[in-house]
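Below is one structure. I have some questions about it.
Only the coordinates and a few stated rules stand behind these numbers; no lab work does. Remember, predicted model here, so these are calculated numbers, not experimental data. All Cβ positions, glycine included, derive from the backbone under ideal geometry; neighbour counts span all protein chains shown.
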Amino acid sequence: MNLYDIKSPADIQKMSLSQLNELAADIRSFLIESIAKTGGHLSSNLGVVELTLALHYVFRSPSDKLIFDVGHQSYVHKILTGRLNEFPTLRQYHGLCGFQKRRESEHDVWEAGHSSTSLSAALGMAIARDLHHEDYQVAAIIGDGALSSGMAMEALNQIGSENRNMVIIFNDNHMSISKNVGAMDEAFTRLRASKPYNTFKSDLTVVLSQSKAGAQLLQGMRNIKNTLKENVVDNSIFGEFNLDYIGPVDGHDLKLMIKVLQIAKRHKGPIVVHVITKKGKGYSFAESDKEGKWHGVSQFDPKTGQSLAKMPPQHASWSEIIAESLMSLAKQDDRILAMTPAMISGSKLEKFFATFPERSFDCGIAEEHSVTLAAALALSGMRPFLSIYSSFMQRAYDQIQQDVARMDLPVVFGIDRCGLVGEDGPTHHGVFDIAMLRAMPNLILSQPKDAQEAQRLLKTAFSQDHPFALRYPRGNMPFQPLDEIEPIAIGSWAMIQVGVKPQCIVITYGSDVDKVIAKAETNSIPLIVINARFFKPLDETMLEQLAQRKLNIIVYETDMLAGGLSSSILEFYNDHNISVHLRRIGLGDHFVEHGSLPQLRKAEHIDINSLFKVIKECSNAA
């Protein structure tokens, strides 16, 4: 059967083992060629080809529920559920989503873009199934990085006590985005290298071939589990949660995987199937990647592995600008340290970690823990910089509020990937952090317009003694390190006037400041542009001065209107009984889908052209 003939999982359930293995090779080739054109998550999907084939061979989706943790590794699942012809639109506007998406297919029963939710979701579906007196199986596929998250541990705790039928596929590939860290990963490493495991690998095939019902296998597994409990994992990670355990098994051995999953599907109660896979399998560049560079990729040449995305000369990504500036400051102040919840590579902190290993901390996929750890370090005289993606920071709201802001501790938050992020879509758009953080007492919130201002604001953050959040987007910017970095007065804005007799004022922030100025100059449009580089505190003196000019004010923001910059400005004018004519441009009360940034900005009417249409309307009405 041709790859393009597969319309549903029922098609592969008729195939022989040799045909399935041929199909696995075809899928790998297709993924490499397709993702090379569209970009997307490559390594994680190459690593789960046989696993996903085995899952759909054994389970009966959508009756049986398959939940992929995060969902970035669900491309093979999408292929097997009739969406192969849509892959040219992957992660494009109105195209195929890069994660599971319920509206796309009845086989996508859960949606997520952040890790460690699959176990809670699977338990919820298992409970609902039993309350409805239905008969189907629920399987959650979770990686070793996600399994170390606190939320996953919380779910395992209840799964063990509920004792309901469900299968946990523990996809152990030694990595999440980059290499995993922590005691949990060390325990898994001991398990992989253990004598019982190495002996068991050779015995497993024999046991399977002799056991149709699986009773002999499961008893063998329990014996192995008891041996591991005594000699390897110190009271067993899964056994202490009251979970039966099969494994580890080779996740690229289709025959083995099918037999193990058949037994797990019939098992009564919760069971863990420990599967060893290789991230990036079948593509040498991805297989040898230890830094997570092939986890999520832009367009590339599949033959050479070279990215087709070109950085302009003298440019750097915002993450690199912040990381390089942090390095410079850390060389002058040995209290400064860097922290991240499993995003060393994405946050461009590799050089910092290599230069200052004793002042570098990867907390794993544990946003809440990382914030409270940073709070305690700050309380003890250190100056922590916690780099965290905007959409991931939402998971640590309580810790930011209670442990940092409430105690007024000088933690510096680097809010990476703020604003719309494009193709990763609604789970990753960083458009909520302004509203989230603006309500917190003691906390200062800012965003630079360019690399020079980024360096100065980072210096400002470490030159004061309160919580300070510095947000910066994806993308790149001209970058030249400053020899002398001067702090910026906290809460101060900057005014730039274009032409004479302006009829309109635009208040905006970030890189849009210079874009607005450039378009106004190019088109000879008189305009006052305000660089509102602080969301909190506001520049109240300037706001009063702007009101006195009696001009139309447009607040142009590319994040959520609710709770955003314009909300805070309106609150100020209202509370001070100041009358102004103010229009707001920003994101409305909905989640923004995936697509390129230009497409999304145009669709949401927050592009520069939409702004200047409003400017023209306001100028004509003046």
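Let me check against my output: what whole-number percent is the relative contact order of the chain, with C-alpha pairs under 8 Å and at least 6 apart?
With pairs under 8 Å counted, the relative contact order is 12 percent.
Note down the relative contact order for segment 550-602 as a percent, whole number, built from C-alpha pairs under 8 angstrom at least six residues apart.
Once divided by the residue count of segment 550-602, the mean separation gives 45 percent.
Let me ask something else. So, R0 is 56 Å and r is the distance between the beta-carbons of GLU540 and LYS37; what FRET efficiency does that work out to, to 0.05? Intermediate values should be presented prior to the final figure.
Working: r = 51 Å, r/R0 = 0.91.
That gives a FRET efficiency of 0.65.
Divide the volume of the convex hull of the Cα atoms of the chain by its number of residues and quote the answer in cubic angstrom per residue.
169 Å³
So if I place +1 on the C-beta of Lys and Arg and -1 on the C-beta of Asp and Glu, and nothing else carries charge, what would the dipole magnitude of segment 1-147 be about its Cα centre? I want it in debye, nearest 20.
Details: 13 positive and 17 negative charges, 67 e Å.
Result for segment 1-147 is approximately 320 debye, rounded to the nearest 20.
Now for a separate question. Using Cα pairs closer than 8 Å and at least 6 residues apart in sequence, work out the relative contact order for segment 495-615, in percent.
Relative contact order, segment 495-615: 24 percent.
Okay, next question. Would you mind giving the average projected area, over all directions, of the Cα convex hull of segment 35-75 in nm² with one decimal?
Reported value for the Cα convex hull: 3.2 nm².
While we're here: Based on the Cβ-Cβ distance from LYS351 to THR89, what FRET efficiency comes out when R0 is 35 Å, to the nearest 0.05?
Between LYS351 and THR89 the formula returns 0.40.
What number in nm² do you get for segment 2-55 if you take the convex hull of its Cα atoms and divide its surface by four?
Details: hull surface 15.2 nm².
Mean projected area for segment 2-55: 3.8 nm², to one decimal.
Same structure, new question: Could you run the Karplus curve 6.51 cos²θ - 1.76 cosθ + 1.60 with θ = phi - 60° over segment 609-620 and give me ³J(HN,Hα) per residue in whole Hz, x for Gly and Pro?
5, 5, 4, 6, 5, 5, 4, 5, 4, 5, 5, 5
Along the positive direction of the dipole of the chain (beta-carbon charges: Lys, Arg +1; Asp, Glu -1; about the Cα centre), which of ILE569, THR52, ILE517 reaches farthest?
Projecting each Cα onto the dipole axis, the largest value belongs to THR52.
Work out, step by step, the length gained on full extension between ASP333 and ASP130: first 0.36 nm times the residue separation, then minus their alpha carbon distance; give nm to one decimal.
Full extension of this stretch gives 67.2 nm more.
Using Cβ counts within 10 Å as a stand-in for footprinting exposure, how do ARG164, ARG395 rank, fewest first?
Going from sparsest to densest Cβ surroundings: ARG164, ARG395.
For the pairs LYS331/LYS449; LYS78/LYS278; LYS101/LYS290; LYS255/LYS278; LYS78/LYS602; LYS449/LYS536, flag any whose C-alpha to C-alpha distance is greater than 22 Å.
Among LYS331/LYS449; LYS78/LYS278; LYS101/LYS290; LYS255/LYS278; LYS78/LYS602; LYS449/LYS536, the Cα-Cα distance tops 22 Å for LYS331/LYS449; LYS101/LYS290; LYS78/LYS602.
Now for a different question. Under unit Cβ charges (Lys, Arg +1; Asp, Glu -1), what dipole magnitude, rounded to 20 debye, does the chain have relative to its Cα centre?
1060 debye
Treating the beta-carbon of each Lys and Arg as +1 and of each Asp and Glu as -1, no other charges, what is the dipole magnitude of segment 368-416 about its Cα centre, to the nearest 20 debye?
The dipole of segment 368-416 has a size of about 80 debye.
For GLU521 and HIS590 in the same chain, what is the full-extension length gain: residue separation times 0.36 nm, less their Cα-Cα distance, in nm?
Extending this stretch completely gives an extra 21.5 nm.
Along the charge dipole of the chain, which of SER370, GLN548, ASN173 sits closest to the positive end, that is, farthest toward it, with unit charges on the beta carbon of Lys, Arg, Asp and Glu (+1, +1, -1, -1)?
Going by the Cα projections, it comes out as ASN173.
What order do you get for 481-494, 424-437, 512-525, 371-384 when each peptide is scored by the mean count of other beta carbon atoms within 10 Å, highest first?
424-437, 371-384, 512-525, 481-494
Starting from the Kirkwood Rh over alpha-carbon pairs, what translational D in µm² s⁻¹ does segment 478-563 have by Stokes-Einstein at 20 °C and 1.002 mPa s?
Estimated via Stokes-Einstein, D reaches 151 µm²/s.
Quick one: helix 318-332 against the long Cα principal axis of the chain, what's the angle to the nearest 10°, folded into 0 to 90?
Approximately 80 degrees, to the nearest ten.
In deg cm²/dmol and to the nearest 500, what is the mean residue ellipticity at 222 nm of the chain if only DSSP H runs of at least 4 residues count, each as -39500 (n - 2.57), divided by the residue total?
-11500 deg cm²/dmol, from helical runs alone.
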